[in-house]
Structure formats: C-alpha cells, structure tokens
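To start, the structure itself, in structure tokens.
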Amino acid sequence: MADPKKDASTTIEADVKSFCSTINADLESWREQVKKEKGDDFGTEDTCGVAYMPVITFKLDAGKDSTARTPEEQAIEVARSKSWVCWGAHMSDKARHVLMTSDSKLSFDPDGQFHMYFNEFKKKWGAAMKKHGLLNFEGKEGYGDGDAFHLELPDAKIDPGDARAEACLDEYVRLTREGKKYEQNEKFEKKYEKLLKPYIKKYEKKK
C-alpha cells in the first residue's frame with residue numbers, strides 16, 4: 001500500500017502558503033479601507049467599537065492533524081468524531097488546514113471576529129481560494145461553513161473502494177469495538193451502515 005506521506009506530486013502545501021499570502025494582503029488592504037471610511041466610528045481593540053475590524057492573518061497549520069494521514073491515522077480521526085469519512089483528502093496528501101490570528105491571538109471563530117463584515121470576508125476568502133485552485137472540505141468552491149479552515153486540491157478525495165479507505169474502515173471498527181477505547185461515531189455509522197457492515201462482521205468473527 002502506498003504511503004501518502006511519500007507522495008512528492010502534491011502541491012497543496014505551496015498552494016496553501018500562497019493562499020495565505022493573498023488573503024492576508026487582501027485583508028490588510030480592506031481593513032485600512034474600512035478604517036479610513038469609518039473614521040472616529042472605527043473604534044479600537046480596547047473600545048471594541050461596533051465598526052472595529054481586528055487585524056486578521058492566516059498561516060499554514062503545520063500540526064500533525066493538518067498533514068497527510070495514513071489509513072490508521074484517519075481511522076482515529078473518524079473515531080474521535082473529528083472527521084466524517086475514511087477517504088478524505090488528507091489521505092492523498094492533498095489537504096491542509098490554516099490557522100487564524102485576530103489581533104495576534106489564535107482564534108477559530110471568524111464569524112465572531114468579523115461581526116458585521118463576515119459576509120464580505122467570505123467573498124474575499126472564496127476569491128483567494130479560486131485564485132490558487134483550492135476547494136473547501138466538501139470539494140466545492142468558496143468558503144466552507146462547518147470546516148472553513150480546511151483547504152484541498154481538486155479530486156483530492158480517494159475512492160471509497162481504494163485499499164487505503166478499506167484499511168481505514170477496518171481500523172475504525174477495531175478502534176471502536178476492541179476495548180472500546182473510542183466511542184462509536186454515530187453519525188458516521190448511520191450514514192455508512194452498509195459500507196461498514198462487512199468490516200463489523202469480519203471483526204466479530206475474529207473475537
């Protein structure tokens with residue numbers, strides 16, 4: 001079985017870094033424009049003026065969960081209810097996450113940080129994604145509500161019949177049945193009940 005971490009063909013890391021450079025420049029320019037337009041109504045970080053826009057920047061998330069995943073690593077993410085498929089884009093090394101800072105503080109709440117500017121922010125985000133050929137977690141263009149900081153390349157997800165996906169399904173069943181180290185991901189199991197059935201039967205026969 002091919003190791004996705006040895007796939008030298010992917011451009012995802014370079015593309016996400018370029019995306020971050022683009023969105024950061026766009027946001028800096030936009031903030032200065034808003035500040036100039038609002039004048040005294042703009043407020044400051046301390047006064048939390050209604051028209052205030054924090055300094056927002058993005059960078060590549062270099063953490064382990066952001067990079068390529070083996071089938072076993074993906075199975076753990078599904079078992080932890082942090083991922084919802086056994087054939088995600090991380091398994092082909094074609095997805096990365098980004099991190100956001102708001103006034104130099106790490107944040108995972110762009111809606112709460114942008115407030116009245118959020119819809120316009122999403123448009124700028126989508127434009128930057130399109131410029132660098134990136135898609136959201138659903139494999140679609142534009143801002144991805146629900147997992148916005150996940151970016152992937154086109155055709156990144158592997159086929160559910162791929163050997164890597166099968167290995168992930170097999171490991172997921174083991175993780176959630178053997179010793180019950182992980183709770184069963186109910187959403188995942190309900191949606192892919194038929195797909196999981198042979199792996200559950202296989203595990204039960206081994207007991």
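The values are calculated or read from the model by the stated rules, or taken from the named source; none is laboratory data. Computed from a predicted structure; not experimentally measured. Here Cβ is always computed from backbone atoms with ideal geometry, including for glycine, and neighbour counts include all displayed protein chains.
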Single residue of segment 82-101 satisfying the filter (buried (at least 19 other Cβ atoms within 10 Å of the Cβ) and of a type in the set (S, T, N, Q)) that is modelled with the lowest pLDDT:
Ser83
For segment 73-99, how many residues are assigned to a helix (DSSP H, G or I), under 24 Å from Gly133 (Cα atoms) and among the β-branched types (Val, Ile, Thr)?
0
Selection within segment 1-54 - in a loop (DSSP other than H, G, I, E, B), farther than 18 Å from Leu151 by Cα and either among the hydroxyl-bearing types (Ser, Thr, Tyr) or at pLDDT 95 or above (or both):
Thr44, Thr47, Tyr52
Among the listed residues Glu193, Glu171, which satisfies the condition of being more than 23 Å from Ala89 (Cβ to Cβ), at pLDDT 95 or above and either surrounded by fewer than 15 Cβ atoms within 10 Å (Cβ to Cβ) or not β-branched (Val, Ile, Thr) (or both)?
Glu193
Does segment 120-130 contain at least one residue that is crowded, with 19+ Cβ neighbours inside 10 Å, aliphatic (A, V, I, L, M) and part of a helix (DSSP H, G or I)?
yes
Among the residues of segment 131-139, is any assigned to a helix (DSSP H, G or I) and either surrounded by fewer than 19 Cβ atoms within 10 Å (Cβ to Cβ) or modelled with pLDDT of 95 or more (or both)?
yes
